[in-house]
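Take a look at the structure set out below.
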């Protein structure tokens, strides 16, 4: 019984330590640039490097795949943040 009480107290302490914050678009590492019919996945771009990734939709988790050019180099998005 003491073990269960200790676990519950520990869980309550951990939950109170987890802060909730509203994440803005400026705080995010990735930006969505294309949604492919919403069923299969989307293309995202790393806002610091411009490297593009495909994120597939799956059960509970998706697969992140870096997009590459024909020569094997990473595909880089030129219009990060809507700047043209």
(request) Multiply the residue separation of residue 29 and residue 12 by 0.36 nm, subtract the distance between their alpha-carbon atoms, and state the gained length in nm to one decimal. (result) 3.1 nm
(message) Taking 0.36 nm per residue of sequence separation and subtracting the Cα-Cα distance, how much length would be gained by fully extending the chain between residue 40 and residue 3, in nm to one decimal?
(response) 8.8 nm
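Quick note: the coordinates plus some simple rules give every number you see, no bench work behind them. From a predicted model like this one, the values you see are computed outputs, not experimental measurements.
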